[in-house]
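To start, the structure itself, in structure tokens.
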Amino acid sequence: MRRVKLKFSGLIRKIEPRGMQSTVMIAFSLVSFFIMLVLGAVLYLRFSTLSREEMIQSTQTLTEQAGENLEDYLVSMRRISDAVYYNVIKESDFAEQDSSVQKGMNLLYEANRDNLRTIAIYNHYGSLMAAEPVALQKEDPNVSRQDWFLRAMEKMENMHFSTPHIQNLFDDAAFRYHWVISLSRVIELTEHGTPQMGVLLVDMDYSGIARVMKQMNTQDNGAYYYLCDSNGEIIYHPRQIQISRGLCKENSVIASRHTEGIYEDYFNGEKRTLVVNYISYTGWRLIGVIPDTVFVHGMINARYFIGIIMLLMTMMLFVLNQVVSVRIARPILRLNDSVMEYEAGEKPEIYIGGSQEIRHLGYSVQKSYEQIDTLMKKIVQEQTERRRSELDALQSQINPHFLYNTLDSIMWMIEGERNEEAAFMISQLAKLFRISLSKGRTVISVGEELQHAESYMNIQKIRYKDAFAVTFDADPEILSFCTVKLVLQPLLENAVSYGVRGMEDCGEIRVTGRREGDLIVLSVEDNGMGMTQEQASLVLTDDKRVHRRGSGVGLVNVNNRIRLVFGEAYGLKITSEPDEGTCVSVCIPAVADTEENRRKLEQGSRYHGEE
Amino acid sequence: MVKSKKSFVFIELLLAGLLLLLVSFMLREKNGKNRERVSVIVEDSEGGQWAAFRYGLRMAAEDQGIEVYVVSTPEVLSPEDEEKLMERELENGADALLVQPVPGMEAESFWKKTRAPVMLIGYALSAEETGEKLPVTQPDHDAMGRDLAEALLEDYGEDLTGKTLGIVWQQEESGAAAIRRRGFEERLEGSGIEVIWAVSCQEESLLEQQPRASVVVALDDGSFIMAGVCAAENDLHGAVVYGIGNSARAVYYLDTGAAKCLVVPDDFMMGYQSLTEVAGKLEGSSGQMESSVVRHSVMRRDNLFTKENQELLYTMSQ
């Protein structure tokens, strides 16, 4: 059970991710198909019921009509019998008026010869009194033992219709044996003035009834009609001989018990509908049999027809569903495509089309993207402003410490009448400030930065009375590249404060500038006390450290400034060994010092962002 | 999108295919199934002796939904003519044949050549001729001969010493008549009756010229009618006629007292069963067609109009 559940849920998961058009199409198609199926079934059932009713109705009509024809036929036979009896026999004496009897019978015979085989009169011993047409009676036909004679004598007041049989009375020189239905009745005949009993026999040609029945049985759909007497004895059946030979069977005994009407019948494992019609005067039953297979057979074409209609409608609905699903899904798909393109970084027009709702959605998305764009620009602008103010704030941190210390040194020089030194220091300070100001620019050339560093170190050397040595070694080619201004000064300040200060004439600070591929590397190296690797790693990460000495502008600030301008890939690198010294390198990209590059870097377009 | 379009086209094509299939089924149903056709070749096919057989064929054709065509043939058919007729019928579209073999025909070689289902009617060619391969629907000729002899013995008692017998048949070298005669003579062995003549007779005059016999036995319908005619005209020198026949005319001579006993094969069943068997084969039955034997009745004047015999007579009168 669990496995089945898992399988089912797996199937559902498999089915789930579908395009909108497919989903709409499948949903529409399933609904259409279901409706078509129900419609087809209802149509078929209705059609089937109507067809069944129609067939039963037509069978009933046919049996009624044929029954009337048979009744007419039998009535005409009765009339002939009556005419022979009342007009001929009753009016004549057989001994004296033999010829008039014969003449009367002849007239009646000739008038009805199509349906008649024989009219014969027998006395109560079975001796032939008269017959029409005149024929030689067979030698000893044993009339008094024949069924029609016995039945007539048995119930004298009635007329008796026999079942079909071969007429065994007269010699036929053409060697034919006629199949007849005998109408017999007891009569009172007069011979020599003496009334006596006799039997009047009217033999009807069976072919008359057979013809009517054959006409009814011409249809080739499996339904058939047969005639039987009140005991179920078959009078006519389209498969009469097959039944008598046991090749097939008929439920005539049961059927003969029915009165007029429609009956359900189960025979030989088959369900059938019987339409029973009662034939007056005889007690015969005319039975129409409609096996259920006839209804099925009759519905085969209807099935095909309904199937074709269903298929055609399904095809048309499928096309319609496709058109509708495309019509519904296309605007959404196009909107989706334009959104996806937007997400991929392109700037397409957001699709606006389709139904009112989709258009509204398109408008909303477009408006949202426009708002996002505006907000993005605003955020970028705000960030640039923020960076700029941060830079300005960072740079402004330098000035007060240094200026105070320098001016203090100059004052002491002037007071100590070291005027030349004071003048040199003032000139160096002037250079320093000129470069520091740089017309408000943040980005200057490497040459200017080195000049600024040199001025700074000149001032510091005077302050510290040449307690350390400073050397500048920069490749001339790097001088015309861009750098963030005032990045070397804090490094030098740190080198002085933490590196060479107090080393008593043996401190050395070396400033170098090299190009290494796409990088410009400016290094400040000292041979001071150095620091451990752990301490070195904290220098750039821990900006909350309390600066023991120096301007308070930490390497963290320098590193941040470089990254703000050039990007996260650039900044400071520190290598240090305790008692060996420290080397702090400024790594920046090799960006040519042009006005355009400067402007871009100043405006906040980071170096890597331009690539 | 492309996948969806492909699916759409595929489903539409599938539905169109189904539609075409249904339309073709409907048209085929409307046009009706092509009915199989079976041709029947028997000697003197229009003759009264085949009336019940033809009626049986007609009824079986209606029941089985096949078309049956009885080829019009002369009174005497040679083996060559019969083979030509068979070939012609197959060329004309017959799907199977019902053939009454005339003596001398090589039905088996013909059947081998055409491979069309062939059912023999009325008489099986000898085993040497057929290799026991051709199915046959026939009455039990030997039993008919024996029953005829039985009827004779019934009428005269087991001892027929002093009685003379003339045997007549119409079809020259007829295999069926030979079997009937053999059965008849075997049953009469030891009865003391003497066969004084046995002739194949085509004309009544030839029969009249035969020496006087107490009993004349006719082994087929034609000879029975001839004997009946002669007896009715008292040209058989008072001989009592017994015989085998299958026509209303033969029954007539029994009915009028010209003959005393008539053995009648159920030709209706012969026609019905043979065609039903062939129809089964044509319907696609994979097995061989089965031979079958139809029953026969012994008719006398006093039982001529029993229900069963009336039905036999009815089929003969169609």
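General observations
- In plain terms, the C-alpha convex hull of the protein assembly as shown casts an average shadow of 73.6 nm² when viewed from every direction.
- Percent RCO, i.e. relative contact order, over region A:397-610, from Cα pairs under 8 Å lying at least 6 residues apart: 20 percent
- Shape parameters for region A:397-610, alpha-carbon atoms, Rg then Dmax in Å: 16.9, 54
- Legend: translational diffusion of region A:307-443 by Stokes-Einstein, Rh = Kirkwood radius over C-alpha pairs, 25 °C, 0.890 mPa s; D = 111 µm²/s.
- Build a GNM of chain B with springs between Cα atoms under 10 Å apart, and of B:PRO74, B:PRO117, B:PRO139 the one that fluctuates most is B:PRO74.
- Out of every Cα-Cα pair that region A:210-296 contains, those further apart than 20 angstrom amount to 28 percent.
- Cross-link pairs beyond the 18 Å C-alpha cut-off, checked among A:LYS103/A:LYS155; A:LYS155/B:LYS307; A:LYS431/A:LYS485; A:LYS485/A:LYS600; A:LYS214/B:LYS307: A:LYS103/A:LYS155; A:LYS155/B:LYS307; A:LYS214/B:LYS307
- Equivalent ellipsoid semi-axes, region A:14-88, via Cα gyration tensor eigenvalues times 5, rooted, Å: 69, 6, 5
- The modelled label-to-label distance between B:TRP197 and B:ARG28, using points 7 Å beyond Cα along the C-beta direction, is 6.5 nm.
- Peptide A:140-149 has a mean of 1 when you count, residue by residue, the C-beta atoms of other protein chains within 10 Å of its C-beta.
- Computed on region A:330-381, with alpha-carbon pairs under 8 angstrom and 6+ residues apart, the relative contact order is 28 percent.
- Above 18 Å, the calculated P(r) of region B:1-80 contains 65 percent of its Cα-Cα pairs.
- Cβ crowding within 10 Å, taken as a proxy for footprinting-reagent exposure, orders A:SER455, B:SER205, B:SER191 from fewest neighbours to most as B:SER205, B:SER191, A:SER455.
- Bridge orientation summary for the protein assembly as shown: considering DSSP beta bridges with both residues in this region, about 65 percent are antiparallel.
- For region A:312-355, GluC sites (Glu not before Pro) meeting the loop criterion (DSSP other than H, G, I, E, B) and having at most 11 other Cβ atoms within 10 Å: A:GLU346, A:GLU349.
- Region B:268-299-region A:95-150 distance, computed between alpha-carbon centres (Å): 44 Å
- Test item: Cα-centred dipole of the protein assembly as shown, Lys/Arg +1 and Asp/Glu -1 on Cβ, debye: 5940 debye
- Distance distribution note for region A:462-534: the fraction of Cα pairs above 22 angstrom is 30%.
- Equivalent ellipsoid semi-axes - Cα gyration tensor, chain B, angstrom: 51, 19, 16
- Here the sum of -39500 (n - 2.57) over DSSP H runs of 4 or more residues, divided by the residues of chain A, equals -17000 deg cm²/dmol at 222 nm, to the nearest 500.
- Calculated over region B:141-265, the projected area of the Cα convex hull averaged across directions stands at 6.3 nm².
- Applying the criteria of a DSSP loop state and at most 16 other Cβ atoms within 10 Å to the GluC sites (Glu not before Pro) of region A:233-280 yields A:GLU233, A:GLU260.
- Here B:LYS163 is the anchor, and the aspartates and glutamates within straight C-alpha reach of less than 18 Å, apart from those fewer than 8 places off in the same chain, are B:GLU150, B:GLU154, B:ASP155, B:GLU185, B:GLU186, B:GLU189, B:GLU194.
- Rounded to the nearest 5, the antiparallel percentage of DSSP beta bridges internal to chain B is 10%.
Each value in this text was obtained by applying a stated rule to the coordinates, not by laboratory testing. Everything quoted here is computed from the prediction, not taken from an experiment. For neighbour counting, all protein chains shown are included, and Cβ atoms are generated from backbone atoms with ideal geometry for every residue, glycine included.
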